[in-house]
Every structure is written in C-alpha cells, then in structure tokens.
Amino acid sequence: MWRQALVLLFAVSALVAAAVTVESWRRRSANAAIRALVLIGASTVVWAVADLCGVLADDPAGTVVAKAAIFPAVCAIIAGVFCLCRSVVDRGWRLPRRTVALLAVEPALVLIAVATNGWHHQFVLAEVRPGLGGLAVPGFGLLFTLHAVYSNVLIVVSIGRLIAARRQASPAHRRVLGLVLAVVVPPALVNAAVNLSPVPMVDVTVAVFAFSAALLLWGLARRFFADLVPVAHQRILDTIDDAVTVVDLSGRILDHNPAAERLARRLVPELPEVLVGMPVASLLGQLVLTDAGAEHDIVDAHHRGIDLNVRVSVLDDGRGGHLGWTLVARDTTEANRQRLALEHANEQLRGQLHTIELLRADLAEQAVRDTLTGLHNRRYLMTALHREVSLGSRAFTVALIDIDHFKRVNDTYGHAVGDEVLNHVAGMLSDEMGHDDIACRHGGEEFVLVLFDADPAVARARVESLRERLATTPVRAGDTFVPVTFSAGLTGFTGAGTPSTLLASADEALYRAKRNGRNRLELASAESTLSSAG
C-alpha cells in the first residue's frame with residue numbers, strides 16, 4: 001500500500017514539476033524569478049523520476065543507484081532557490097558570472113562523488129535499511145553530510161535574506177516576499193525532518209517542492225502581486241536620472257529608485273540607511289500633496305544650493321479613490337544656472353546692442369553735423385530739401401547767408417578767431433530757428449536757413465532782425481572786438497522747383513546783396529524764382 005501511494009505521489013510530482021517547467025519556460029522573459037523557476041521545475045522532474053524509479057526497483061542496488069542520481073538535481077534546485085530569493089529581494093538583480101561559477105562548484109563536486117560512489121561509498125552507503133512500509137531506504141556517508149550542510153546553509157541564508165527584506169519592504173513587496181517564504185520554507189523543513197529523523201524515512205521533499213513551485217508560478221502568472229515588476233521595467237526605473245519616489249496616503253515613502261536615494265542624501269546627508277517608511281516631508285518639506293497632480297519648483301532645497309523641479313502624480317485605485325502619489329524630482333540646479341547665465345548674457349547683449357544703436361545713431365548724426373559749429377551740414381540740408389520738395393505739402397523760404405569779409409578776419413586775427421566768429425554766427429542762427437526750421441553750415445563761411453510756413457516777406461523780416469542783432473554783437477579777440485556782419489539772399493518755395501534751383505536762386509540774391517554793399521538782404525527776383533521753378 002505504501003509503495004503504491006509513493007508511486008502515485010512521485011508520479012504526480014513529476015507531472016506537476018514538468019508543467020511548472022514548461023509554463024515557466026514560456027514566461028521566462030517576465031522576470032528573473034520566473035527564470036529561476038525553470039531551473040527548479042526541471043530539477044524537480046529529475047528528482048521525482050529518480051525517486052519513482054527507486055520505489056519501483058525490486059532490489060536494494062537499484063534503490064542505491066536511483067538515490068545517487070537524485071543529488072545533482074538537488075544541487076540544481078538549491079542553486080535555483082538561491083537565485084529565486086535574490087531576484088525577489090532585489091528586483092534589479094542579475095546573475096553575475098562569478099556567482100554562476102561559485103554555485104557550480106558544489107554540484108560539480110557532488111557529481112564527482114556520485115560518479116565515484118561505487119568505489120568509496122562515502123556518499124550513498126552500499127547497504128540499505130528498511131523504512132516506512134518496509135521500503136528500502138539507503139544510508140548516507142560523510143560526503144552526503146557535507147552536501148547536506150552546504151545545502152541547508154544556502155537555504156537558511158536565502159530565507160534570512162527574505163525575512164530581512166520583508167521587514168523593510170513596502171506592503172505590496174512584503175506580500176511577494178511572504179509568498180516566496182511560503183514556497184521555500186516548507187520543503188526545507190520537510191527535508192530537515194527527514195535527514196534528522198532517528199527512524200529511516202522515505203524522503204518526500206520533492207513532492208513539497210513540486211507543489212510549492214506550482215503555487216509560486218500561479219501567484220506570479222496571475223499577477224496576484226503587482227509589486228513584482230518585470231526586471232526590464234525595474235532596470236529602466238533604476239537607470240533614469242530623475243528621482244522617482246512612491247508615497248502612501250500618510251505621506252511616507254513606499255518605494256524609490258537609486259536616483260531618489262542619491263538625491264535624498266545630497267539634501268539631508270544624515271538620513272538613516274533605509275528611506276522606506278520615512279515621511280517625504282523630511283526631504284521636501286515645502287511640497288504640498290493634494291488630490292490633484294501638480295508641478296513644483298523648489299529653489300535652494302535645505303539650503304544646499306540645489307534647485308528641484310518636482311512633478312506630483314496621483315495614484316488612482318481605479319474606483320475613484322487614490323492610493324498615494326508618485327513624485328518625479330529633477331535636479332534643475334545646473335539648468336537654472338545656465339538659464340540665469342543666459343539671461344545675464346542676453347541682458348548684456350541687449351545693453352551692448354543699445355550701446356551700438358546709440359553709437360550708430362551718434363555716427364549717423366555726426367555724418368550730418370558740422371564738427372565745428374554743431375549745425376547740420378550740406379548733406380543733411382540736401383536730404384531735407386529733397387524730402388520737402390518731393391512732398392510739396394508746405395511753403396518755405398531758403399536764406400543763403402555769407403559772413404562779410406571772413407577771409408580778412410582769418411588773415412587779421414587768425415583762424416582761431418575765425419572759428420569763434422563761425423560759432424558765434426551758428427549760435428545766433430540756432431536761436432532764430434523755429435520748431436521745424438533748419439540751420440546748416442553750407443560750407444566755409446556760408447550758412448543756410450530753411451524757414452517753414454514763412455513766405456519770403458515774413459522770412460526777410462526774421463533774417464533782417466537776425467542781421468541787426470549780429471551787427472551789434474561783435475566777437476572778442478583778445479583786447480579787440482571784431483565786428484561781424486553777413487549778407488543774405490532769400491528765395492521762396494511754393495510748390496515748384498528743386499533743391500539745386502532753390503539754392504541757385506538764393507545764391508543769385510546773395511551775390512546781389514554783396515554787390516550792393518554787403519551787410520544786407522536781397523530777395524530773389526520774380527524772374528529768378530520763375531526760372532528756378534522752370
């Protein structure tokens with residue numbers, strides 16, 4: 001009866017383990033835990049089949065051979081359990097080559113011991129003992145004891161990692177770790193009970209492993225624990241530069257990526273080793289968590305000279321409520337520094353452009369100004385006359401003025417006094433100008449006044465008044481006063497003519513004033529004006 005029950009148990013265990021292996025292999029890309037299940041499932045199949053063969057064997061020798069074939073598979077299961085626990089504790093863990101090499105040492109030694117067991121019998125003893133139900137149970141030697149100690153130490157270390165991680169994990173991750181503990185602990189306890197029993201017992205650990213692996217695969221395949229994120233996603237989260245933190249409704253940290261931990265320790269160097277469970281306010285006290293997502297800019301966080309941009313997103317439960325928040329923080333210190341530097345550079349550039357514009361305007365003004373008197377020059381005069389003539393919208397009078405006997409002043413008193421005379425005349429012309437009028441130095445001792453909205457008669461009265469004032473205000477040259485007078489010719493514009501003909505007409509009237517005795521004004525004749533218009 002016991003034989004038939006064990007045959008059924010081991011056969012079912014082999015089938016269950018085979019199903020676990022196939023399904024795990026199909027889902028192996030999900031995460032490292034599933035890939036560890038492939039190794040555990042395949043090794044459990046070998047173990048169950050070997051146990052089944054041992055039960056079915058009629059002679060003790062067959063039992064010994066079948067039992068010896070189990071142990072390489074057992075070694076693979078122990079390595080698989082170690083990898084399973086590591087991948088669940090650290091979801092970003094990948095199996096390094098060095099760890100593969102270390103894990104392969106003990107299975108290789110066991111394989112050698114099993115292969116040479118017929119010579120030394122230090123792994124599985126040659127004799128068998130009667131066990132439960134009269135079934136033959138082989139004895140074990142020193143090499144098996146060493147194998148058992150190694151296997152149990154590795155299992156205990158793995159379980160210890162699970163327990164330690166569970167104390168510090170988020171609630172969702174804690175459930176995952178609890179599931180793995182429920183899968184790993186029962187087989188370990190059963191195996192320990194079999195090995196430590198004073199009465200020879202049939203080892204049914206393989207059945208517990210088979211059904212525990214099936215339970216774990218079911219839990220992972222049904223995504224019963226959403227915290228077991230695929231490793232690819234976890235690696236992406238771990239490698240991004242932004243600090244990502246998950247916060248529960250009480251404002252405490254549930255999970256975070258490495259970037260968040262690095263940022264937190266830059267802000268508060270004296271933080272405890274574990275950030276999970278800490279209030280997020282201790283890191284971002286200026287942040288207000290509300291039922292709506294928001295974006296915050298924090299300047300000089302914790303007076304560390306660190307600027308942050310924090311995006312807050314609400315975690316919904318799918319039923320209108322929310323579970324907490326996701327905080328994505330980015331260090332904007334350098335970006336802000338560059339922005340401020342760029343703004344400063346732009347401000348400097350605007351200042352430089354303004355200076356350049358002022359210089360350009362100054363150069364443009366200098367290009368149309370006489371450097372000695374400060375009046376506009378001939379270039380400006382011709383441009384203004386062309387503009388007014390082309391518009392033809394208002395009448396004006398042009399007065400061409402020439403200082404009398406200016407060469408004699410230069411020869412008698414020197415050019416410095418001559419310059420004083422020019423500036424004196426220019427100053428009086430500027431005083432005579434109306435709002436729109438133009439006063440220019442035409443060249444040498446000649447000046448031009450353009451008087452707008454003034455016919456020749458009105459213009460003559462204004463220029464005559466100017467001439468009289470000038471004649472009564474001599475220029476001082478040392479102890480001597482130099483009398484200054486001028487002659488002028490005037491011509492009017494009433495809608496016809498060009499700048500050149502206007503100046504020619506005024507020049508003709510000026511020549512007549514000089515010919516008639518100087519220090520006087522003459523209007524252009526009607527014939528001259530008509531000639532200019534033509």
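The values are calculated or read from the model by the stated rules, or taken from the named source; none is laboratory data. Keep in mind that this is a model prediction, so the values were computed, not measured. Neighbour counts run over all protein chains shown; Cβ positions are idealised from the backbone, glycine included. All accessible areas refer to the heavy atoms of the entire protein, side chains included, with ligands and DNA or RNA removed. Shrake-Rupley method; radii C 1.70, N 1.55, O 1.52, S 1.80 Å.
Summary table below
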quantity	calculated
Residue match in the range 57-70 (condition: surrounded by fewer than 20 Cβ atoms within 10 Å (Cβ to Cβ) and at pLDDT 75 or above)	no
Top-ranked residue of the range 209-247 - restricted to ones that are among the acidic types (Asp, Glu) and at pLDDT 60 or above, ranked as most open to solvent (accessible area, probe 1.4 Å)	ASP241
Hey, VAL458 at pLDDT 95 or above and of a type in the set (A, V, I, L, M, F, W, C) or not	no
Residue that is nearest to the chain's Cα centre (by Cα) [pool: residues in the range 110-121 that are surrounded by 15 or more Cβ atoms within 10 Å (Cβ to Cβ) and in contact (Cβ under 8 Å) with a residue 24 or more places away in the chain]	VAL110
Looking only at the range 79-109, and only at residues there that are loosely packed, with under 13 Cβ neighbours inside 10 Å and among the small types (Gly, Ala, Ser), the one that is nearest to GLY178 (Cα to Cα)	ALA101
Some residue of the range 499-509 being polar (S, T, N, Q), part of a loop (DSSP other than H, G, I, E, B) and over 27 Å from HIS415 (Cβ atoms)	no
Every pair of residues 6+ apart whose Cβ atoms lie under 6 Å, when the first sits in the range 320-341 and is in contact (Cβ under 8 Å) with a residue 12 or more places away in the chain while the second is surrounded by 16 or more Cβ atoms within 10 Å (Cβ to Cβ) and polar (S, T, N, Q)	LEU327/THR245; ARG330/ASN309; THR332/ASN309
Residue list for the range 245-258, restricted to those being out of contact with any Gly (no Cβ under 8 Å at 6 or more places or on another chain) and within 14 Å of THR326 (Cβ to Cβ)	THR245, GLY251, ASP255, HIS256, ASN257
Matching residues in the range 474-505 - criterion: being more than 12 Å from LEU385 (Cα to Cα), of a type outside the set (Gly, Ala, Ser) and surrounded by 14 or more Cβ atoms within 10 Å (Cβ to Cβ)	PRO474, VAL475, VAL482, PRO483, VAL484, THR485, PHE486, LEU490, THR491, THR494
Residue check for ALA48: part of a helix (DSSP H, G or I), crowded, with 21+ Cβ neighbours inside 10 Å and modelled with pLDDT of 80 or more	yes
Flag if LEU358 is over 23 Å from VAL484 (Cβ atoms) and either out of contact with any Gly (no Cβ under 8 Å at 6 or more places or on another chain) or loosely packed, with under 11 Cβ neighbours inside 10 Å (or both)	yes
Residue tally, condition touching a helix residue (DSSP H, G or I) at 6+ places or on another chain (Cβ under 9 Å), assigned to a helix (DSSP H, G or I) and either more than 20 Å from LEU216 (Cβ to Cβ) or modelled with pLDDT under 80 (or both), over the range 87-99	1
The range 148-180 - residue that is in contact with a Phe, Trp or Tyr (Cβ under 7 Å, 6 or more places away or on another chain) and open to solvent by 10 Å² or more (accessible area, probe 1.4 Å) and, of those, modelled with the lowest pLDDT	ALA172
